[in-house]
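J.: One structure is given below, represented as structure tokens, and several questions about it will come after.
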Amino acid sequence: MTEPPAHAGRAHAWAWLLCALCALLGLLLYLAQPQWPLAPGATVRQMGVWLCLLLLLGLWTQRALPPLFAVLLVLLVMNLFGLAPMASLLSGAGSDAVLWGLGVLGLAAAARESGLLGWLAAQAARSLRPAPRTPAWQRMPAVAWLALAFALLPSPRQARQWARIFQALPVGAPAARRDLACAAQLSARLAWLPAHPANLLALALLPASGLDRFVPLYWFAHTWPLALLALAYAVGVQWLAPPSSAAPPTAEAPEQDAAGRAALRDTAAIALGTLCLVALQPLHGLAPGVVTLPALAALFALHVLAPRHLQTGIDWPLFVSLMVLPGLVACFAAALPPLPWSGGSALPLALLLGLRLLVPSNAAALLALVLAIPWAEAQRYDLLEALVPALAGFHLAEFLLQRHAGSAGRWRRIQATLCSPVTWLGCAAYALWCGW
């Protein structure tokens, strides 16, 4: 048995020390009730909520602790100290976003078990170096196949796993495969609303009047220019990449039997039908969660998905976080003062990129949503109109940083991101898109 690295113990110690310091500071504030020097008008309750926000972000920066532990710990602290009622903290558990999240996570498990994700990844690998006399319909760009695969992966953890699988294939240059995977994730998250949990979290934060408007067609109608630019960038990377001498992989494993091929076709048909029904919500009026749950039942009825696959294939910590985080975000945003910044119709990409350079992805998404709510109220903007550019900017910032994931060291990665011309072109495209 190998010994754990020395820095793992230090990470655990720093995480628990941060937890103890925040708890001690919160206890002192409640006992002494001093005036906050940076915000004299802040109440003790607001200061407690701010400390809980800092505690959550601090624990998320410690990779030694699971993210769900930090979420549940902050939920417990806020309930014990009376910072918010439990009904408000768990308000997101009754939203349609939770049902939608369960449906798409179950569909992702079925796509993996049936081989649909593997088939899409193999088709993307073949398109990088097509075999002789390849049919025209199989000569689609690799990003088209990859975008379909990442659209079926709402879990960022599982999306990273499949991105590493594609990057390990012996086809094309490694840098080109990494750029293709990053651009495919960006285009999938901009074109398909439930392709990332931050989008579902924003769905749970909207009032009842906004839920009827925030459908995939509404999302795509606003984000299609950026999604099209991501596709064009990936196609350019594929054309300019040096050729590979390795043999192209086969599109389908030879040992796949008739039952496996039937499961693949059934999963693809159910995924396509679910997409059409969710996109046509303005016509039939059914919520996306009501549509995705029958699709999940159909997967069980066709024996594509077994109960053991559902238990092991779903990202359950992400599903629990989708139930808890909407209430926490609403409490954090309500405790913040109005933001006086009025530099445009969206949160600037520079702020989101700066947050992503300093904190993990989940922390950057949380901060983007927390800051967007009071800023929209101060500027008298519709919350939906403020969340769409905030989410698009977050996905673009994530793409710009993931392109340099292979750089050794955190500071080298930050330097490579800031010095890349793609970063500045992406910022310019985002500014033009916000003006559009």
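J.: Using a 1.4 Å probe, what is the accessible area per residue for the stretch 82-122, in Å²?
T.: On a per-residue basis, 29 Å².
J.: Need one number for the stretch 138-181: average projected area of the convex hull over its C-alpha atoms, nm².
T.: For the stretch 138-181, averaging the hull's shadow over all directions gives 3.1 nm².
J.: Using a 1.4 angstrom probe on heavy atoms only, work out the carbon and sulfur share of the accessible area of the stretch 150-243 in %.
T.: Heavy-atom surface of the stretch 150-243 belonging to carbon and sulfur, 1.4 Å probe: 72 percent.
J.: May I ask you to give the percent of accessible area on the stretch 69-118 that is carbon plus sulfur, with a probe radius of 1.4 Å?
T.: Here it works out to 70 percent.
J.: Between the stretch 74-117 and the stretch 168-235, how far is it from one alpha carbon centroid to the other, in angstrom?
T.: The two parts, judged by their Cα centres, are 20 Å apart.
J.: So, for the stretch 356-436, what is the accessible surface per residue at a probe of 1.4 Å, expressed in square angstrom?
T.: In whole numbers, the stretch 356-436 has 44 Å² accessible per residue.
J.: Ignoring everything but the protein chains, give the 1.4 Å probe accessible area of residue 218 in square angstrom, nearest 10.
T.: Taking all protein chains as shown, residue 218 has close to 40 Å².
J.: For residue 54 and residue 424 in the same chain, what is the full-extension length gain: residue separation times 0.36 nm, less their Cα-Cα distance, in nm?
T.: Extending this stretch completely gives an extra 130.1 nm.
J.: Same structure again: Quick one: which residues, 5 or more positions from residue 305 or on another chain, have an amide H under 5 Å from its amide H? H modelled 1.01 Å from N in the peptide plane, none for Pro or chain starts.
T.: Distant-sequence amide H within range of residue 305: 300.
J.: Using a 1.4 Å probe on the protein chains only, how many percent of the accessible area of the stretch 281-436 belongs to carbon and sulfur?
T.: Looking at the stretch 281-436 in its full context, I get 68 percent from C and S.
J.: While we're here: Let me cross-check residue 146: its accessible surface, 1.4 Å probe, with only protein heavy atoms counted, in Å² to the nearest 10?
T.: Accessible area, nearest 10 Å²: 10 Å².
The values are calculated or read from the model by the stated rules, or taken from the named source; none is laboratory data. As the structure is a prediction and not an experimental result, all values here were calculated from the model. Quick note on the areas: whole protein, heavy atoms, side chains included, nothing else; ligands and nucleic acids left out. Shrake-Rupley method; radii C 1.70, N 1.55, O 1.52, S 1.80 Å.
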